[in-house]
1. Just to be sure I understand the rule: take each whole DSSP H helix in the chain, project its Cα atoms onto its long axis, keep it if the span is 30 Å or more and its mean Kyte-Doolittle hydropathy is at least -1.0. Which ones pass?
2. Once R0 is set to 22 Å, what does the formula 1/(1 + (r/R0)^6) return for the Cβ-Cβ distance between V163 and A209, expressed as a FRET efficiency to the nearest 0.05?
3. Order of H160, H48 from fewest to most other C-beta atoms within 10 Å?
4. Have a look at the DSSP beta bridges in the chain and tell me what percent are antiparallel, nearest 5.
5. Which FRET efficiency, nearest 0.05, do D149 and E13 yield, Cβ-Cβ r, R0 30 Å?
6. How much length would be gained if the chain were fully extended between R140 and R36, taking 0.36 nm per residue of separation minus their Cα-Cα distance, in nm to one decimal?
7. Can you order the peptides 169-175, 148-154, 208-214 by their average number of other Cβ atoms within 10 Å per residue, highest first?
8. Can you tell me the order of 128-141, 176-189 when each peptide is scored by its average per-residue count of other Cβ atoms within 10 angstrom, highest first?
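Bear in mind these aren't lab numbers, they're just calculated from the coordinates by the rules spelled out. This is a predicted model, so every value here is computed, not measured. Here the Cβ positions follow ideal geometry from the backbone for every residue, glycine too, while neighbour counts run over all protein chains shown.
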Amino acid sequence: MAANGVEAIKALEMFPYGLVLMDVQMPEMDGFEATRAIRNPQSCVLNHQVTIVAMTAHAMQGDREKCVQAGMDDYLTKPIERSALIAVLQKWLKPKGEQEHAVASEPEERVAISNDEKELVVFDRAAFMNRVGDDKDLDRTILDGFLEDLPSQITQLKAHLAVGDAHLVEQQAHKIKGASATVGGEALRAVAWAMEQVGKAGDLDAARARVTDLDEQFNALKKAMNR
């Protein structure tokens, strides 16, 4: 596990991993920069040709192309589906002569999230259970952790809004979006995604205008999960 690209490179300097699941959006050094450093023959990583699979919430054609241009071998969209992850591991962890040197085909180009949260389900339990392999013990552990942690995540977002730090608002909204997507909280994910975008644009007033929506969608998701 690495918290950012710098830590990932340090790990690859110490151990010859067979495959890297590379998050794209990370602090200090993002996945694109880290991949370019790994591929650089002047760097100290042990295997410059290690298989690198991008992991990102982005789902547009341009993002896939950007991953390839940075030197990545394949691409997974978050939240990660169990079957997709297994397929990628089976494909790339074959003996070298059997590997397919091409980026796996993705579903049709799609917008990552709808702008109309009202059309999205509050809790997509079926999708979430698929991600945890229908393991009911793991299901409860993850949901309890999410419900315990997210209030503090929302509090941090509000604190960043209070001091007017758009960059931290963007980063915190990104975390909430990712956590919500993992547990199947589609409506909450949509609000967090919208706040991430306006944070990126520096529009703090627009971000503040969505705080009530964020609270309401989290409360709705909490009720749905507890049911």
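1. The qualifying helices are 136-163.
2. Step by step, r from the Cβ atoms, then E = 0.80.
3. H48, H160
4. If we restrict to bridges inside the chain, about 0 percent are antiparallel.
5. Plugging the Cβ-Cβ distance into 1/(1 + (r/R0)^6) gives 0.40.
6. Roughly 33.5 nm would be gained on extension.
7. Those peptides, ordered most packed to least, come out 169-175, 208-214, 148-154.
8. 176-189, 128-141
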